[in-house]
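The structure appears right after this line, and notes come after that.
The values are calculated or read from the model by the stated rules, or taken from the named source; none is laboratory data. This one's a predicted model, so the numbers in the text were calculated from it and none came from an experiment. Counting neighbours? That spans all protein chains shown, and the Cβs are built from the backbone with ideal geometry, glycine included. Only protein heavy atoms, including side chains, enter the accessible area calculation; ligands, DNA and RNA are left aside. Shrake-Rupley method; radii C 1.70, N 1.55, O 1.52, S 1.80 Å.
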Amino acid sequence: MKRILIPVLSLTAAILLLGITGCKPKNAGTATAGDAASRVYVEPGKYDEVYNFVSGGFSGQVSVYGLPSGRLLRVIPVFSHDPQSGWGYSENTKPMMNTSHGEVPWDDQHHLQISQTNGETDGRWLFANANNTPRIARIDLKTFKTAEIIEIPNSAGNHSSPFITENTEYVVAGTRFSVPMDDSNGDVPIDTYKKNFKGTVSFLKVDSSTGRMNIAFQLLMPGVDFDLSHAGKGPSHGWFFFSCYNSEQAHTLLEVNASKRDKDFIFAVNWKKAEEYLKQGKGQKQTVRYAHNVYDEETHTATSTIKNEVTVLDVTQFPDIVYAIPCPKSPHGCDVDPTGEYIVGSGKLAALIPVFSFQKMIKAIGDKTFDGDYEGVPVLKYEAVLHGEVQKPGLGPLHTEFDDKGNAYTSFFISSEVVKWSVKDLKVLDRIPTYYSTGHLMVVGGDSRKPYGKYLVAYNKITKDRYLPTGPELNQSAQLIDISGDKMKLLLDYPTIGEPHYAQAMPASIIMKNSTKIFDIAKNKNPYATLGEKYAKVVRTGNRVDVYMTMIRSHLNPDNIEGIRVGDEVYFHLTNLEQDWDVPHGFSIKGANNAELLVMPGETQTLKWIPDRVAVFPFYCTDFCSALHQEMQGYVRVSPKGSNVPISFSMGKNSDATIAPDSSKTK
Amino acid sequence: MRKLFFIASILFVAIITGCAGSNSDQQSTETTGVVSGGQENVQDDVSQKDVVKIALGSPDHTTLVAALKQAGLVTSLSNAGPFTVFAPTNEAFKKLPAGTVEDLMKDENKDKLINALQYHVFVSALQPDFLNQENTLNMVDGNDLHITVENGKPLLNGKAHIIASIPASNGIVYVIDEVLLPQAK
């Protein structure tokens, strides 16, 4: 009997295999909405509808795409060196990379948030977190340049960041790794985690006119892994919600050990209450060390200041600042709907999505409907705060964004899809596969009080066969999905920069009209600026040589420099005299151990160079600026140490070098 | 024997229906953007096999494979994981009361089938050493699986034994001799 059965089963298996091959949709995922091409086609010369700011993940930078075309508009250097612009290499930008650990040339950039007014994106600034060496950057959306970077003390892994309150009063930073606090002895056994490791969430005040950030206070929290966060809005303005995992407080093999409990938490922080305690002087000053770097648009130069103090409130001493909402299975995304009433927790290992009600939370707090405490933080009863659960929505929920019609969109990593559901009745309305394994997703304005809707972009983690293969490493894919109708429609699929995590987007109009075209040279306050060709000069001070050089189509002035000696510290201060949009000039010199400079119209940038040998070194403009760009070049003569060739510089003075090769011109 | 033929024909039907289903899916994708299939369709004969491909390649797991397909779990399990999959053999499925599998394979019982299969998957690749200790695992369907140790070997829910372990690219497959059923809480 068995003998007969096996062939039958094997036959079935064979048929199955055949069936699978036969069934395989030949172009899985290529089929899109019928009108997709026209929906994403932006005619040459026409503009995209939406600015889409995309985190660069391990690239450390931020990229800017146009939607719906998916065209890459710009990569903004933020936390990582960018040799093409000189970011991190120029003397002007080196201080931006400074931290309490010294210069840090790279980071892992995960989340972005556009500044908001009344809970609506206002397009002034873009905040970006650094996950590895905890920092927050502020990018100026007039110039698309990083204007400020502030380090977060008492933190290790700034993941739960840089989310903002609805009027950009605060930008927050929650530590992913709990660690011993900076002012305590860090030389402790790792297995004393429960005793010695603490978490913090930091609130950085943002100046409403300049955007300048300052750490207002830190809350000392239980030692867990803070994951993501979002501010309350509308009725829940004044609260901030932080998801966490590892409430088990494991310090090894978190893959298993941080998934033991049925529920972790979303911590609800009443930051207005914290402000009251601070006003009463209840905060403790703590000695720490962190860098605060600011780029000045008029000096075109950054300064880095090391600061030494933060104010800390220990939440166990003030039990009405923070409440713990139990949330199933290692919540990741923590998203607040446009009305501000519903808080969505996405337990990445949960079989459902819990949606919490702000009103119920306030009532539960008032009624003290607690379920004990967690490390001194009152735990609210799950059922008392729950609006409802989306049952069996998919596998591996991660993040939720919202449209303008009361719908929520959740990304599912494991089941590789985006699921649309109704916030009100928690019914699943539609699902669409992603290729493959979505991480974050973004709806235009989808975490604000007024979502623009229309487009959703899924940021996928796995690419495999989506594009022409490029060896073992493939760029992550983004997928543009039309959410304007009842059914989601896949419109476009395109590769990205680095590894996108969260993204933000807003209609183009506001940012577009504020965009800087040139830096006004009359306002250039750089101490090394050369505000006219007649001021070009070379000055020796000991072994330091300052070259004040101008750039304008199509020459560098001076372009013949002599009297430089091996080992000199040469500073090329380049001022771009152009006052014309999109005419940067570049500067590079042979053998430079750093990078080039790209100098915007009206800007001054400095490159340091230490010549290592006796030679004539060429330099030139690297950015094709004009018909005579290739002529925009010059020479530096480098003489031996101790040489008596005097400093000289010129431009346009042809001499008969064949007759007197050794004569040097002095000025 | 007749029963097996029955299963086989059911599978056959499932395949045909499956095909028809995906064809119509494909047609509708032209207007809706919905297409079936994910990473299981990636052409790759070089990489290590994932948990699904391991099951597909096993003559002892045809029932499981058919069930995974019917439940629409192939895409999920072809994903990055990491997964621990407890894979009951065809013989294990046969131990279920007569008609159970056939019943679960009906379209109207798809949710039940999904739950039953998800109870066999844990997110995280648990190595054999790790399983060889008392433990409770919260499976993908949300229910707990209890592991005890008997004669130095893991016993799942006091009943199922691990026959073999097969490392996969996205996790690990444990071949088991019983279908796992969630225990009353």
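Side notes on the structure shown:
- Within region B:91-128, the residues that satisfy the criterion of being within 11 Å of chain A (Cβ to nearest Cβ), in a helix (DSSP H, G or I) and out of contact with any helix residue (DSSP H, G or I) (no Cβ under 6 Å at 6 or more places or on another chain) are B:91, B:94, B:111, B:115, B:118.
- Filter result (aromatic (Phe, Trp, Tyr) and crowded, with 21+ Cβ neighbours inside 10 Å) within region B:120-130: B:122
- Qualifying residue in region A:501-521 (condition: more than 30 Å from residue A:585 (Cα to Cα) and either part of a loop (DSSP other than H, G, I, E, B) or within 14 Å of chain B (Cβ to nearest Cβ) (or both)): yes
- Contact map, region A:172-183: residues that are aromatic (Phe, Trp, Tyr) paired with residues that are assigned to a loop (DSSP other than H, G, I, E, B), Cβ distance under 7 Å, separation 6+ or inter-chain. Pairs shown: A:177/A:156; A:177/A:157.
- Considering only residues in region B:37-59 that are in a loop (DSSP other than H, G, I, E, B) and at the interface with chain A (Cβ under 7 Å from one of its Cβ atoms), the one that is farthest from the chain's Cα centre (by Cα) turns out to be B:43.
- Top-ranked residue in region B:129-172 [being outside any strand (DSSP E or B) and touching a residue at least 60 places away in the same chain (Cβ under 8 Å); ranked as farthest from residue B:48 (Cα to Cα)]: B:170
- For residue B:68, the criteria (1) within 9 Å of chain A (Cβ to nearest Cβ); (2) in contact with a helix residue (DSSP H, G or I) (Cβ under 8 Å, 6 or more places away or on another chain); (3) not hydroxyl-bearing (Ser, Thr, Tyr) hold in every case but one, which is (1).
- Members of region A:430-449 that are closer than 18 Å to residue A:466 by Cα and either open to solvent by 20 Å² or more (accessible area, probe 1.4 Å) or aromatic (Phe, Trp, Tyr) (or both): A:433, A:435, A:436
- Region A:452-481 residues that are more than 13 Å from every other protein chain (Cβ to nearest Cβ), paired with ones that are open to solvent by 10 Å² or more (accessible area, probe 1.4 Å) and basic (Lys, Arg) (beta carbon under 9 Å, 6 or more apart): A:453/A:405
- Residue A:452 under 22 Å from residue A:55 (Cβ atoms) and open to solvent by 10 Å² or more (accessible area, probe 1.4 Å): yes
- The set of residues in region A:509-526 that are surrounded by 18 or more Cβ atoms within 10 Å (Cβ to Cβ) and either within 30 Å of residue A:481 (Cα to Cα) or not hydrophobic (A, V, I, L, M, F, W, C) (or both) comprises A:511, A:524, A:526.
- Picking from residues in region A:181-214 that are under 15 Å from residue A:165 (Cβ atoms) and more than 19 Å from the chain's Cα centre (by Cα), the one that is least open to solvent (accessible area, probe 1.4 Å) is A:207.
- Boolean, residue A:427 is within 12 Å of chain B (Cβ to nearest Cβ) and either among the aromatic types (Phe, Trp, Tyr) or surrounded by fewer than 23 Cβ atoms within 10 Å (Cβ to Cβ) (or both): no
- Among the residues of region B:167-181, just one is open to solvent by 60 Å² or more (accessible area, probe 1.4 Å) and either within 15 Å of residue B:61 (Cβ to Cβ) or in contact with a Phe, Trp or Tyr (Cβ under 9 Å, 6 or more places away or on another chain) (or both), namely B:181.
- Subset of region A:63-94 [more than 19 Å from residue A:49 (Cα to Cα) and within 16 Å of the chain's Cα centre (by Cα)]: A:76, A:77, A:78, A:79, A:80, A:81, A:82, A:87
- So residue A:91, is it surrounded by fewer than 23 Cβ atoms within 10 Å (Cβ to Cβ), under 30 Å from residue A:569 (Cβ atoms) and out of contact with any Ser or Thr (no Cβ under 9 Å at 6 or more places or on another chain): no
Residues checked against (1) of a type outside the set (Phe, Trp, Tyr); (2) open to solvent by 10 Å² or more (accessible area, probe 1.4 Å):
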| residue | (1), (2) |
| --- | --- |
| A:218 | yes, no |
| A:246 | yes, no |
| A:249 | yes, yes |
| A:274 | yes, no |
| A:295 | no, yes |
| A:309 | yes, yes |
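- Here region A:52-75 is the region considered, the condition is being of a type in the set (A, V, I, L, M) and surrounded by 24 or more Cβ atoms within 10 Å (Cβ to Cβ), and the residue that is nearest to residue A:99 (Cα to Cα) is A:62.
- Qualifying position, being within 27 Å of the chain's Cα centre (by Cα) and among the basic types (Lys, Arg), among A:540, A:466: A:466
- Number of residues in region A:628-657 that are closer than 25 Å to residue A:541 by Cβ and without any contact (Cβ under 8 Å) to a residue 60 or more places away in the chain equals 1.
Yes/no per residue for (1) more than 30 Å from residue A:98 (Cβ to Cβ); (2) in a strand (DSSP E or B); (3) open to solvent by 70 Å² or more (accessible area, probe 1.4 Å):
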{"residue": "A:260", "(1), (2), (3)": "yes, no, yes"}
{"residue": "A:266", "(1), (2), (3)": "yes, yes, no"}
{"residue": "A:277", "(1), (2), (3)": "yes, no, no"}
{"residue": "A:282", "(1), (2), (3)": "yes, no, yes"}
{"residue": "A:291", "(1), (2), (3)": "no, yes, no"}
